[in-house]
Every structure is written in structure tokens, then in C-alpha cells.
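Notes follow the structure.
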Number of protein chains: 2
Amino acid sequence: MPVRIVLSHPSHPGNIGAAARALKTMGFGELALVNPRFFPDPDATAMAAGAADVLERASVHASLEAALADCTLAAGFSARGRDLSHPPMPLREAAPELAAAAASGRVALVFGNETSGLSNEELLRCQRLVTIPANPAYSSLNLAAAVQVACYELAAGAGTHPLPPAGGGEPATGEDVQGFLAHMESAVHESGYVDPENPGRFMERMRRLFARAGLERSEVRVLRGMLAAFERRMRR
Amino acid sequence: MPVRIVLSHPSHPGNIGAAARALKTMGFGELALVNPRFFPDPDATAMAAGAADVLERASVHASLEAALADCTLAAGFSARGRDLSHPPMPLREAAPELAAAAASGRVALVFGNETSGLSNEELLRCQRLVTIPANPAYSSLNLAAAVQVACYELAAGAGTHPLPPAGGGEPATGEDVQGFLAHMESAVHESGYVDPENPGRFMERMRRLFARAGLERSEVRVLRGMLAAFERRMRR
């Protein structure tokens, strides 16, 4: 299954190593790090135990966007309820869709910093928001423990859950979606609808809406075609 | 749920603390230790983070028998297939019975030493033998990671924890969505992107996309604002 575990801004290298071990025990192999505080690091290697190969192959990125560029579906993990329009799904409910999506593209499981979690901006780069149901009085799973549970659910659960029927076309990649949103932003600036000096929350809403929708490649193509037609007419 | 996590002969106090944290995040509170190598220990306390109360209440026993004395059902966790008369069950299959048994008595989840696991003698003290399905090439879950997954399966699988409240605004009505789609249709006609005489499937795709997204009222408002701005510029 092409599943990439993404750790954004991890503070403790030991957690990176423990996460590598966790994902390898569940049969996965791809680790991506966004701005790790320390990496490589002897603590990471020590905690990886027999998963040093996962650390050696790990990719390091300057932004979450870059880490997701070739992913068709990204699930952001969050312990807290967020004021976002896509409601968090419990891991068990989300897993069948994630496993099914991994049959036709690369799926990312995205985890935030140990203390602060994923920022709202980072969550908006993800098409799904997933929660590991936990003790309301103490929901603080260790980072590697969260990775372990998520990978367990995806791998072990995939065998027992019937997969949803595969309808729909080829999913858009992160790069496709970013390209479309950048195009939209430039068009709304040109139209005068959004003032670049004082943009308000329009683009944030659009990012959220289209993340929730889970765009297909062909939809991105026709939406960009529509924007290009508006631009041509505005320029006449 | 009266569930006791039993660690038999743990070598590393850090793992005891991490296990305490793991079980507390899943809503459990009882930890029993059989002949821990070091306990109490500052490493255990450090790794427990906000679960120091679990360590303080932990019971220490000289034998597994003593730790299980008041339990009605004990499940021994093992990564390896064993030459024992009761076959190992995958965790997911075992969980419903364990959760059901916890309704009428105390259930124990028993984990062995980090290196050697549970001895055959210890496994024979358990009524069930449970396996966490793992990568055949690397099945070595960290002790606390195994506790985390087992407790997750028991608690989350049983639907014990409420989900955090979802954000999200007022959903758009059917009328709102139809109004928006009609507005979009008229704008793409005006732009020349869609020929009213030969419209193709553009609007059908948009209908499907926005149905899937589940639009909010405020999103409809800003999308229509954007279309109106395009229209004004096209008419200049």
C-alpha cells in the first residue's frame, strides 16, 4: 500500500525513530519529515531499533505542501475538535476510505508537532481530518503511539473492512489542487472581488471547501478552464 | 470498563511509564507489574507524562498468578505463533469478547518482557492468546506501542469515547445550491467557456462536485460574490 507517514515539525528525534519503528511493524515503509528540529540524530536511530532503513530512506521537506505534492489523499490527525468545516472522522470510520484510496494513489497520514499538533493551515492542506477516539480527560497520545494506532488500523483493519466501491475518476494530487487555488486567487484579485492588500478569509474558505470535496483531476481541469475563460473576457 | 494492563518482567522503566500513558489515553486506569526490573524509577515517571497517577496506583506482584487473582478473563499478547493448544486470535477478533467480559468482571491484558515476551508458562495462565497482526518481516512492536494498540482496539472498537464536537457552519439549503449553480451556469455561458447550444457535461460535473462537498450557506454567499465580480468585469 503506498502510504506515506508525514511528521510535521517534530521536536524530539526519539519520536521520529519510534514512529519509523511503528510504521514498519505495520508493513509500511515511507516516512516524510517537514522541518524536523533535529534530523538525522542518534536518538532517532536508537529508537528506530530494526527500522533504521526507514530513517535512511526518509525524505525531508521545507513545507507540508512539498511533502504532499504527489499524494492524492491526505488525512490530518488531530486530537481536538476544530473550527473547520470538515468534521473529524473517527479513525475506524476513515480507514476503509484511506485504504481504498491507496489502491489508486499515494495516501498520506499527517501528524503534527508533539505539543501543538497540526496548525489549522496544515489541516486545510488535508482532505480528511481524522481523530483517534481517546479519553476526554487525557487524550494526549505520544506521537509514535498515534502513528502506531493509525498504521494498525489501516493495515490490520484493511483485511476486515469491506472497501467502499471505487466510483469516481482519478483523484487530484496536492500539486493539482494548489495550482487550481493559486489560479483562483489570481482571478479573484484581477476581478476586484478580493483585495490583495486586505484579502480577508475568502481563500481560506475555498481551501477548506475544496479539501473537503476531494477534487478529481478532471474537475480541476474544467474549473481552471472556467477561470481562464473569465480572465480572457475580463481582459478584453 | 474494569480492564487491567499487566506487564510481566518489564526491563525498561521508560516502557512502564509509556504504557501508563498509553492506557490512560484510552480511558483505562489499572496497571499491574509483575517483577519489574526497576520500579518506581524516574524514567517511568518522565515517560508517563500526564499519567503519573496511573503509576502511583500501580500494583506490583511477585507472580503473574497474583496479578490475575481477581480477573475473570486474561488475554496474553504474543507476537509469535506458539506451540500451545489455544490458537492465537487476531486482536480485532478477540476484542468484542474481551469488552463483553469486562461488563461482568475484571479483564486482564497481559504483556511480556520486551525481549523474550511471555513465557509458555505465563501464556498458559491466560484464557486467551492474542496477536497484533504485524509485518512478518518486522513484527517487533515496542511494549508501550502494543499496549496502546490493544487499549485502542478495546476502547475505540467498543465505541466508548465520544468524539470532539465538530465545527462547521449552517448547511446550505437545496434552494441555495440550485441558485448558485444557476448563477455559475449563466456566468460560464457569458464567458464563452460553455456553449449553451452544446453544453457538454460541465454543469453536471459541478453539480456532482458541490453535492459531494456539502456546501455551507456562507460558502454559497462568497462563491456567488466571486461570480458577480467576474460578471461585472466581463461587462465593462
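Derivation of every value follows stated rules applied to the coordinates shown; laboratory data play no part. The structure displayed is predicted, hence computed values, not measured ones. All Cβ positions, even for glycine, are placed from backbone atoms using ideal geometry, and neighbour counts span all protein chains on display.
Plainly put, the tip 7 Å out from Cα toward Cβ on B:GLY174 is 3.9 nm from that tip on each other copy, the closest given first. Its Cα centre serving as origin, the stretch B:3-157 has a Cβ charge dipole (Lys and Arg +1, Asp and Glu -1) of approximately 180 debye. Look at A:LEU215, B:LEU7, B:LEU227 and count the other Cβ atoms within 10 Å of each Cβ; fewest to most, that gives B:LEU227, A:LEU215, B:LEU7. Helical runs (DSSP H, four residues minimum) scored at -39500 (n - 2.57) apiece and divided by the length of chain B put the mean residue ellipticity at 222 nm at -14000 deg cm²/dmol.
Evaluated at q = 0.11, 0.12, 0.17 Å⁻¹, a Debye calculation over the C-alpha positions of chain B (equal weights, vacuum) places log10 I(q)/I(0) at -0.62, -0.67, -1.15.
Counting 0.36 nm for each residue step from A:ASP53 to A:ASP195 and taking away their Cα separation leaves a gain of 46.2 nm.
Which of rounded, prolate, oblate describes the stretch A:19-72, given a ≥ b ≥ c as roots of the alpha-carbon gyration tensor eigenvalues and a/c under 1.5 marking rounded, otherwise prolate only if a/b is larger than b/c? Oblate, because a/c is 1.5 or more while a/b does not exceed b/c. Could you give the nm distance between label points at B:ALA69 and A:SER104, where each point is 7 Å from its Cα heading toward the beta carbon? That separation, rounded to one decimal, is 6.0 nm. Rounded, prolate or oblate: pick one for the stretch B:36-126, where a ≥ b ≥ c are the square roots of the eigenvalues of its C-alpha gyration tensor, a/c under 1.5 means rounded, and failing that, prolate if a/b is larger than b/c, else oblate. The shape class here is prolate. Using the alpha carbons alone, the radius of gyration of the stretch A:174-235 stands to its Kirkwood radius in an Rg to Rh ratio of 0.97. Between B:ALA182 and A:ARG236, the modelled labels are 2.5 nm apart [label points 7 Å from Cα along Cα→Cβ]. In this simple spin-label model, placing a label point 7 Å from the Cα along the Cα-to-Cβ direction at both B:GLU93 and A:GLU170 gives a separation of 4.0 nm.
Whole Å is fine, so just give me how far the alpha carbon centre of the stretch A:207-236 lies from that of the stretch A:176-203. What the calculation gives is 12 Å, centre to centre.
Rounded, prolate or oblate, given the Cα gyration tensor of the stretch A:1-42, with a/c below 1.5 counting as rounded? Verdict is oblate for the stretch A:1-42.
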